[in-house]
Amino acid sequence: MKKLQSYTSLSEAIRDLFGNEKSIANKQPVFGGDINTACKITLNDQTALFMKSNRPDALPNFEAEALGLETIAETGCIRVPQLLGLGTDPEGYAFLLMEFADGSHCRPNSSYWSQFAENLANLHKHDVHGAENALGFGFPKDNYIGHTAQKNTWHENWIDFFRDCRLAPQFQMASGYFEKTDHRRITHLLDHLDQYLAEPDAPSLLHGDLWAGNVMTGSDGTAWLIDPAAYYGHAEADLAMTELFGGFPRSFYQTYQACMHTDPGYADRRDLYNLYHLLNHLNMFGSSYLGSVQRTLRRYGS
Ligand code: ADP
């Protein structure tokens, strides 16, 4: 994988990528993200770029996001915005620069969601054996889910990975919210995870944070993935997250099921996979998510 070019200023990046004649004509805020400041940069020749920025210490977050996007792009299964560069500007911010995904001129296509489902299933079925940096369940770099650090230490088994790198660290962070009964249920759940989950035949490359806000229409009119928290895991974990906040249209699920066999009992496993994201929301946004976490714990934790 080619290393993404790192720059010491935004203007250096623009000069290097587009030539000395090009300069920034306009910067326009883009809303919708939770974590970073986002903007559309228009150059003097009307080229549009997308830039995320944050405090200088956010550079590792951008490096991790870039590795996720590059790894997904390399499979050739599904589009992501093309990465251009990253760096820290002397004005005091870290940035990640990429292609502007502009689907505004595209007419909605009736096969949009089924095409997306097919591409996602292809990503999940993509043979990662022998892929550079795919050593089981995990990822070559730790990354972030929202602004929570996400451990990706390599594991041979999916269930061990999901316990050690997903549920346990989130439970630990949230421990102040829980009462004695909750703690007992958490211990039970972590000790008996293999009763509820199953090992996949092989690891799949996952987007890792697959809700509707991270799917957008690109300039070719198809659904592109943005803002991944990528890792190698069980494909069901990605599918589960699509259902957490409202779900995608029916045609998405019909096509996904047709392309990718899902084992019986998925609906029970789905709620355990989504427990990870509910815990993360509890840790990021506070006690309004406690009730949902406790509901899941009551089902699995005793
Ligand atoms: P955050 O890291 O803060 O969560 P996002 O990656 O979600 O930020 O991006 C914020 C918003 O910017 C998204 O909701 C989306 O609308 C838009 N966006 C993200 N990536 C691009 C892109 N490559 N081109 C155009 N718009 C984008």
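The values are calculated or read from the model by the stated rules, or taken from the named source; none is laboratory data. Every value quoted in this text rests on a predicted model; they were computed, and no experiment measured them. Cβ sites come from the backbone with ideal geometry, for glycine too, and all protein chains shown count toward neighbours.
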Subset of segment 145-165 (residues that are in contact with an Asp or Glu (Cβ under 8 Å, 6 or more places away or on another chain) and outside any loop (DSSP other than H, G, I, E, B)): Ile145, Ala149, Gln150, His155, Trp158, Ile159
First in segment 187-208 and farther than 30 Å from Asp127 by Cβ, second anywhere and in a helix (DSSP H, G or I) and of a type in the set (Phe, Trp, Tyr), Cβ under 6 Å, 6 or more apart: Leu189/Tyr300
Subset of segment 122-145 (residues that are surrounded by 16 or more Cβ atoms within 10 Å (Cβ to Cβ) and within 14 Å of the chain's Cα centre (by Cα)): Leu123, His124, Gly138, Phe139, Lys141, Asn143, Tyr144, Ile145
Filter pass, Ala240 being closer than 23 Å to Pro200 by Cα and surrounded by fewer than 19 Cβ atoms within 10 Å (Cβ to Cβ): no
Criterion violated by Asn119 - all others in (1) more than 16 Å from the ligand (Cβ to nearest atom); (2) closer than 29 Å to Ala237 by Cβ; (3) not assigned by TED's automatic domain parsing to the domain that holds Ser219 satisfied: (3)
Helices (runs of 4 or more DSSP H) enclosed by segment 188-302 - at least 1 residues per element that are under 27 Å from Ala101 (Cβ atoms) and either among the aromatic types (Phe, Trp, Tyr) or under 16 Å from the mean Cα position of the chain (by Cα) (or both): 235-242, 250-259, 266-285
Of all residues making up segment 18-45, the number that are within 7 Å of the ligand (Cβ to nearest atom) and either hydroxyl-bearing (Ser, Thr, Tyr) or farther than 18 Å from Asp102 by Cα (or both): 3
Wholly within segment 6-118, strands (runs of 3 or more DSSP E) carrying at least 1 residues that are of a type outside the set (A, V, I, L, M, F, W, C) and under 30 Å from Tyr256 (Cβ atoms): 48-54, 93-99
Identity of the residue in segment 58-78, farther than 19 Å from Ala13 by Cα and surrounded by fewer than 19 Cβ atoms within 10 Å (Cβ to Cβ), that ends up nearest to the ligand (Cβ to nearest atom): Ala73
